[in-house]
Amino acid sequence: MIATGLFVVVVTIGITAVLNINRGHKKTQAFRTAFDNLSFIMEDISRSVRLGSNIRCEDFSNAYDTWFYVPQSLSCSGSAPGTAIMFTPPKKDPTNSSDLSIYAIGIDANIDPEMRLYHSKDGGAIFTPVTPGDITIDPAKSGFMVISANGGEAGQTRVTIRLAGIVTYRDITTPFDLQTTVSARLLDQ
């Protein structure tokens, strides 16, 4: 009887430990998948910007259809990054606004309280979410900064991309903060 009782206690403790390890593994896998997605997104934006031209930052005011241009020197350098970046992808017409590629943080807080990152390949006519719903971008800590826009006399265009926010998995949140700087490279014509 004592041996059976002791065996039951040991098995219960063992099963509890295995279940906790399994739960921890699933949580780690979910976070790892989210961070892999964020790394892929940063690399995709970096690659696109590196080969793009006419790079500039933008800010917009809580609505998808209220884009307005703010000069680079006022909104996209120093401590005031833009909430979106616009550029012409390689082999596209820089004078055609429908050829613009746009990455934007949050389109409308009323429509998208999760504040995801969006991408438009058609100059802003249609935006598609790039980040999944379990990733929330913090617009106060995230943004795009452009230095020496359009490769003027000051040198090549440099773009700093910063994404910060939280990843949520079953009511557990983990903060993240990613940043990269990219130099634009113009392709030989």
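Would you please name the residue that is surrounded by the most Cβ atoms within 10 Å (Cβ to Cβ), looking only at residues in region 58-93 that are at pLDDT 80 or above and not in a loop (DSSP other than H, G, I, E, B)?
ILE85
Each row is one residue, and each column tells you yes or no for (1) within 18 Å of the chain's Cα centre (by Cα); (2) part of a strand (DSSP E or B); (3) modelled with pLDDT of 85 or more.
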site: ILE107; (1), (2), (3): yes, no, no
site: ASN110; (1), (2), (3): no, no, no
site: MET115; (1), (2), (3): yes, no, no
site: HIS119; (1), (2), (3): yes, yes, yes
site: THR131; (1), (2), (3): yes, no, yes
site: VAL146; (1), (2), (3): yes, yes, no
site: ILE166; (1), (2), (3): yes, yes, yes
site: ASP177; (1), (2), (3): yes, yes, yes
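The values are calculated or read from the model by the stated rules, or taken from the named source; none is laboratory data. Quick caveat, the model's predicted, so the values are computed rather than measured. Here Cβ is always computed from backbone atoms with ideal geometry, including for glycine, and neighbour counts include all displayed protein chains.
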